[in-house]
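Read-outs: derived from the displayed coordinates by stated rules, not from any lab. The shown structure was predicted, so the numbers you read here are calculated from the model rather than taken from an experiment. FYI the Cβ positions are ideal-geometry reconstructions off the backbone, even for glycines, and counts take in every protein chain you see.
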Amino acid sequence: MNICWITMTSIIPTNSTNVLNLWQLQLLLIFIPENNVDVIIGPTCNQAGLAVATLATYYKKPVFQWGLTTSAEISNQIRFPTTVTLSIDTYSIALAVRNVLERFDWDQFVFVYSNDGDSEKCSSMKDDMETMSSESEELTLSYIYQIQTVSMASLETALTAIAKKGRNVDEADGGEHFTWEDTSNKFSLGMTDQEIQIAFSRVLYITDNMGLPQTKTEHFSNFTSQVILRMKDFPFNCIDDCKNATYQNAATYAGQLYDAFYTYAVALNRSLTKNPHASVSNASTILESISMSYIGVGGGQVDIDSSGSRLAKVTMFALNTSYLPYTAASIFVNGSNVVYTPFYDNENDLWAGGSKPLAVPICGFSGTNCPANFLRDYLIYVIIVVVIIFIAICAACGGILYTIHMKHMEAKHQDLLWQVSYSELRQVEGRSKAAESMHSFASGPSTSTKLTIESRSETTHFIFYYYNQEVVAGMKHEIRPFFDEKQRSEMRQLRNLDNDNLNKFIGFVLDGPQLISLWRFCSRGSLANVIEKSSMQMDNFFMFSLIRDITNGLSFIHNSFIGIHGHLTSRCCLIDDRWQIKVSDFGLNNMRSKKIETKKDLLWTAPEILRDENMEKTQECDIYSFACSEIIIICSEIITKSSAYDLENRREKADVIIYQVKKGGHQPMRPSLEMNENLVEVNPAMIHLIRDCWTERPSERPNISQIKSHLNSMNDGRKSNLMDHVFNMLETYASTLEDEVSERTKELVEEKKKSDVLLYRMLPRTVADKLKLGQAVEPETFEQVTVFFSDVVQFTKLASKCTPLQVVTLLNELYSIFDNIIEQHDVYKVETIGDGYLCVSGLPHRNGNEHIRNIARMALGFLSSLEFFRISHLPSERINLRIGINCGSVVAGVVGLTMPRYCLFGDAVNTASRMESNGKPGHIHCTAEANRMLTEVVGGFKTESRGEVIIKGKGVMETFWLIGESSGTMLKTAIKQVDQESQARSITPPMKPKDEGLYEEFKNSSQKN
């Protein structure tokens, strides 16, 4: 293959400017046909590329142009159908620039370029930018500026010049770099690094990455190393010059040259695959396979369309908040179709300060067009702002007045919530004594403590109602206080008070016959009543949960506006249906202050209050009552199931105990902490906590927060509640129950297997399965089966020499051998009657004609087994059998309900029985049908005709003896041996059957006549 490499042949010297003059073009015109060039790689500039593309079109040679051949004219497929470009043309880049300008609403821009370096490319870029601008109706190229020599001074001059012409600057140099920057924010010379970073944070950088590796991979590093090494080889032959340090790096576009050869190789390989005889220089066949996509040696994506042009994919970079460059977007250009893919979430992230530059500054490009009179230009805005402020002030005043009004209305509404009308209540009708007695008698004993509302009747202090379809408990009050604003405010706060361990206060009934406060009904009653009536066992955690609930409720009261409870007793601790304590009877201190307390209620009162009735109650009093509640209710009433201070079993009355508590002393009167050894053990820390709570000095008692902390430490910080504990107990019980059920199920399965085995031994499997399902077993006709009968010869005589137990043992041993033989064949054992043995094959499982074979082999097996069978208590005696078999049709079905039997009916059964009864010892007696099946149908058996025999109920029949199988040992020799041994050892000599003797007399008389 001849490859014309334009830039390295003698046509264009290595020091050429890569611009073909007329003389060089003439040489190339002659060089291509004379050297039979197959493909042209290059050149790397636009003017030379256009000329070579024209010649390649003329000679129809494929040409692969790379490097700086970026003119859009070269990508014209109609004009240059044999040209493939590896570089992105400048018109595609111009389209990408236009897409960015339009995306950010920039309708005018300035283009700056330089002729330094690759001036031809910049010139092409300028032309395409002008073309792009002229094609757009919304975009204006306002100014073009050329930098003659790239230097700091020239750049400063350029920026000064273009700052007056445009806000958005497009700059192109030999490396195809384009930037947009805000030129209105100009910094003075000598800027710091931070100022430069801030300035460049508003700059966008667009590049097509041509000639530069996009990713520095190991593959690219190896490639550059190979380039340096191969510069010494043909056609470069660079040995001495390449030793200079300048030539120790690969050229900028070396990777693109590699991609050009790779593209040609892939296209050529495809064309030869399609047509192995195609010419390697045929441009049309190569261009048909030119469409491809791959990763170039520099790591960038190379997409070649079907026309041979590389699709443009340019990248836009920006600086993040850390002033580090990142890829902001990618722009894909395919013809006139431009796809912009952003990699940022918000467009404002691209610009410093969060706002993009405007196309035209507010003050103009020169900065002299700023507004001179603020009021003149912004008067309307000032008026709007003033009006808005005035409206806001008016709205605020109105809002304040409205809020005050709404609070007043809300207070009235809240008052209506706690003031319950008596007409809205419906009293609960309790059951009569007789009804309750009948209910108790019908229910029997129960450990449930849940009380139905019907079981509650009106008492001296309580009455029960239905309110809003909810059961409420009403507490009766003797006095009717005047509700001033302070008390109404307290009622509103009580109504809104809500906590898991506080009983909900509903309100007051003011218009009824008596003043009543309404509280939520707790179905299990007070804690004292529950413990008194319940027979359930409570573990340590159960008691701890009750104590914790009381603590939480009391803590909420102490930290609320109420401050103290003041009347904490076991009757104030109510229990709902979820076994959660609800502290009740709190607040309403103005009503309780005039209430006369009973002696029993004073058992929970702190000693300092007992000594001075006028003393105001404090939180320390609640702590004392809490300790008494704990020990009496939890430790005493729960564990010992006795009342407070165990009044029922004490000689002292309540007033005596109260006097001893008031008296105090070194060892003041307190409830007993002694526990029964048989009852639930109480945590010792709980005992110490109780003693701390009922000390004489209020200041030495722990506050409610300290009590909660101590309780948490006793519970190791666990937060599980009582219901979780109950559920865990139920889960444990359920798990144990599952294991027990699983074990019982296994035992049941094993017993079922044993029952099935026993049932399958008594009945056929199919019949047994139907009976287990409760299905009826209909009688069934079987057209062809083989019936087997056998009988022990002289069994009556033999049995007379044995005891009944020995007879049973003898038959069991014999029939066990027979049963094992049956299991080896497809035979069903119907029954045994004494020494008789009935079997059948062909039912209930139909087996074609194999029934006769199975019965014959089983019968032979029976006789063969007798040779080794010995009677244990009569070793000198031998057992012999008479066997009869017959083939025919039978009906089978289950007979009876109690001990059902699977029975056979039909003439074939009777005939088989006659064959057995008319047979000889040690012989297998067969009917003619059985003989036919053995010899003609299944074959393989040896039979012998017995002749004609008179059979009872059948007349004269021709019967046969089964001798054995053709492939096995004949039974006849064994039969003779058995006959001889039977005659020598049997109890009585064998006798001919009666029917056979009659037949012989009949035959003899016939012969004489």
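Packing order of peptides 927-934, 505-512, 462-469, highest average first: 927-934, 505-512, 462-469 (average count of other Cβ atoms within 10 Å over each peptide's residues). When Cys242, Cys370, Cys573, Cys693 are sorted by how many other C-beta atoms sit within 10 angstrom of their C-beta, beginning with the fewest, the order is Cys370, Cys242, Cys693, Cys573.
Extension gain, Tyr815-Asn237: 0.36 nm per intervening residue step, less the Cα-Cα distance, totals 197.2 nm. Pairs with C-alpha atoms separated by more than 29 Å, drawn from the list Lys60/Lys121; Lys746/Lys829; Lys61/Lys126; Lys407/Lys476, are Lys746/Lys829; Lys61/Lys126; Lys407/Lys476.
Projected onto its three principal axes, the C-alpha set of the range 843-936 covers 43, 43, 24 Å, listed from the longest axis down. Our note on the geometry: Cα centres of the range 83-101 and the range 379-414, 61 Å apart. Here Ile393 and Phe343 are evaluated by their C-beta separation; at R0 = 56 Å the FRET efficiency comes out at 0.75. When you count the other C-beta atoms within 10 angstrom of each residue and take the mean per peptide, 574-585, 862-873, 843-854, 67-78 line up highest first as 67-78, 574-585, 843-854, 862-873. Computed over neighbours whose Cβ is under 10 Å from that of Cys573, the net charge equals 0, Lys and Arg +1, Asp and Glu -1. Computed over the range 219-325, the P(r) curve from all C-alpha pair distances, binned at 10 Å from the origin, holds 12, 30, 27, 22, 7, 1, 0 percent per bin. Taking 0.36 nm per residue of sequence separation and removing the Cα-Cα distance, the Glu288/Ala411 pair yields an extension gain of 35.4 nm. Taking label positions 7 Å along the Cα-Cβ direction at both Ala153 and Ala928, the computed distance is 14.3 nm, reported to one decimal. With Cβ to Cβ distances under 14 Å as the rule, what net charge do the other residues near Glu347 carry (K, R +1; D, E -1)? That sum, taken over residues with Cβ under 14 Å, equals -1. Once the chain from Asn334 to Glu750 is taken as fully extended at 0.36 nm per residue, the excess over their C-alpha distance is 141.9 nm. Once you reduce the range 834-873 and the range 928-944 to the center of their Cα atoms, the two points are 17 Å from each other. Our summary gives the range 909-962 a relative contact order of 36 percent, counting only alpha carbon pairs under 8 angstrom and 6 or more residues apart.
The phi torsions of the range 319-324, fed into the Karplus equation with coefficients 6.51, -1.76 and 1.60 and a -60° offset, translate into couplings of 9, 7, 5, 8, 6, 10 Hz, rounded to whole numbers, with Gly and Pro shown as x.
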